[in-house]
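Visitor: I'd like to ask some things about the structure below.
Readers should treat all values here as calculations from the given coordinates under stated rules, not as data from a laboratory. Everything quoted here is computed from the prediction, not taken from an experiment. Note that each Cβ is placed from the backbone with ideal geometry, even for glycine, and that neighbours are counted across all protein chains shown.
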Amino acid sequence: MKDDSSIASLAAILRREAARLRPGDRLPSSRELMRRHNVSPVTVSRAIGLLAAEGRVVTKPGSGAFVASPAPRAAEAPDLSWQTVALGDRVVDESGVAALLAGPPEGVIPLTGGYLHPPMRPDKQLGQAAARAARRPGVWAMPPVAGLPELRRWFAAQAGGGVTAADTLIVSGGQAALTHAFRALAAPGTPVLVETPTYPGALAAAKAAGLRAAAVPTDEQGVRPDLLAEAFAVTGARVFYCQPTVHNPTGATLPGERREQILETARRHGAFVIEDDYARYLTPAAPAPMVAMDRHGTVVYVNSLTKILSPSLRVAAVIARGPAARRLRASQLVESFFVARLLQETALEFVTSPAWARHLAAVHADLLARRDALAAAIAARLPAAQLHLLPIGGKHLWVRLPPEVDEAALVEAAKRHGVLVSPGRIYYPAEPPGPRLRLTHSATAHLPELAEGVERLAQALANTS
């Protein structure tokens, strides 16, 4: 009998014997198996090794082989279907925001995203600021629930006008600020006016708060005041969300006259204006915010440090007055108590140091160079695409595609060609007017990669036309 055959035969015999025994029972010794079956020590050793590999026996050196306990049965999959009934039909749709936060796969060029490319961030200086902050007395104690007074004063000074530290609440980033504002200012089921197109994160936050987004059209100068007045009258809305400076995604900046008209329109209808000033520090010559022009508590102002510094430095301010401010403070307190003191102290250390001004100057120069490079690449490689406008700052360009282009097919084709872009449809609260793309210039490593991304997009467009 060949060795392999002998091993297989003995292993089959031992399997049957192990099946008759109980877990923990000892198999016959190697010497006994050699005698019974007239096989060599090697054959016995390898046959037992096969059973051990199968999990049928456990070997203990010096003691022998023992029948193994049966493998535990896989747990029955839990039935979670009952939650569908318990949760009801309210849906939190994170798809638009999740797409913007997803990192690109290896070798794929990102022409989308909301944050600075890592070399543009002041990581070293932030680390130094954090080290200084960690040595401050009381840094691990509970902060004032509205935020550190010094940080609140800094944000108030940034807003200008008659804004004070008492009007300022520190929250965990701009997205949290929008969530608090929508919940505090409007009751579930009521309408909220938004520019169209607009930031998908705002649409998601409004929907999660149970609000119905109603669109107000924009042009190259931002939202149209005449149509805003009409929307207030038709919908009865008491909240208007807008981005007056370097609007996301179009890049429009409201001129002073329109800002006055918007404030007057909102006051006339007894409504709030949520001013999302996300691009203030991404723009070299940003105009004064609307909150600085407001004397009646109409504006609830949002300003964040996250986009200019780091995705993980989630520190922002909400500025409001009167009962709205008290309600916002209550919302923050109930939901999360306060922002971690160490984060606040780190932000304060950085923005009050010389590194802050140096960082702003460097980022502004880089972003303007990237903006111009992206616009030039679009003109050269995507002549069929129409640039909405050249913004005064920010990170994005808004591009109109020929009406026959299938936007969804182009976005998928772009992925296959190794470039990520943001589809225009996610920026609209209702049906989009046609194919659009938002192209970001701040997420690539350098200008040549930016040009290569547009080249890949051009190839994708050619293949889908």
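Visitor: What are the aspartates and glutamates whose alpha-carbon lies under 20 Å from the alpha-carbon of LYS124, with same-chain residues fewer than 8 places away excluded?
Guide: Hits, sequence-local ones excluded: GLU345, GLU349, ASP366.
Visitor: Would you list which aspartates and glutamates come within 13 Å of LYS60, measuring only between C-alpha atoms, while excluding same-chain residues fewer than 8 positions from it?
Guide: Answer for LYS60, where 13 Å is the Cα cut-off: ASP25, listed by chain and number.
Visitor: Separate question: If you look at just the Cα atoms of the chain, how large are its Rg and its Dmax in Å?
Guide: 31.7, 105
Visitor: May I pose another question? Please give me, ordered by residue number, the GluC sites (Glu not before Pro) of the stretch 362-434 that lie in loop per DSSP and have at most 14 other Cβ atoms within 10 Å.
Guide: Here the GluC sites (Glu not before Pro) that fit, given the DSSP loop and packing criteria, are GLU404.
Visitor: Moving to a separate point now. How high is the relative contact order of the chain, in percent, counting Cα pairs under 8 Å that sit 6 or more residues apart?
Guide: For the chain, the relative contact order is 18 percent.
Visitor: Right, another one. Calculate the spin-label point distance for GLU257 paired with ASN463, positioning each point 7 Å from the Cα along the beta-carbon direction, and give it in nanometres.
Guide: 4.8
Visitor: Restricting things to alpha carbons, find the Rg to Rh ratio for the stretch 354-465 using the Kirkwood radius for Rh.
Guide: The Rg/Rh ratio comes out at 1.01.
Visitor: If you don't mind, there's one more thing I want to ask. As an exercise, identify the trypsin sites (Lys or Arg not before Pro) in the stretch 55-151 lying in DSSP coil whose Cβ has no more than 13 other Cβ atoms within 10 Å.
Guide: ARG73, ARG90, ARG135
Visitor: HN-Hα J couplings of the stretch 244-258 from phi, Karplus 6.51/-1.76/1.60, θ = phi - 60°, integer Hz, Gly and Pro as x?
Guide: x, 10, 6, 3, 9, x, 6, x, 5, 10, 5, x, x, 4, 5
Visitor: Counting DSSP beta bridges in the stretch 182-284, what percent are antiparallel, to the nearest 5?
Guide: About 15 percent, rounded to the nearest 5.
Visitor: Right, another one. Near LYS415, which aspartates and glutamates are there with a Cα under 18 Å away, not counting those fewer than 8 places off in the same chain?
Guide: Correct list for LYS415: GLU106, ASP406, GLU407, GLU449, GLU452, GLU455.
Visitor: Return the distance in nm (one decimal) between the two label points of a simple spin-label model at ASP89 and LEU227, each offset 7 Å from Cα along Cα→Cβ.
Guide: Each label point is offset 7 Å from its Cα along the Cβ direction, giving 3.0 nm.
Visitor: Non-local amide H neighbours of VAL273 (under 5 Å, H modeled in plane, Pro and chain starts lacking H): which ones?
Guide: Distant-sequence amide H within range of VAL273: PHE240, VAL299, VAL300.
Visitor: By the gyration tensor of its Cα atoms, with a ≥ b ≥ c the square roots of the eigenvalues, what is the shape of the stretch 85-170: rounded for a/c under 1.5, prolate for a/b over b/c, or oblate?
Guide: oblate
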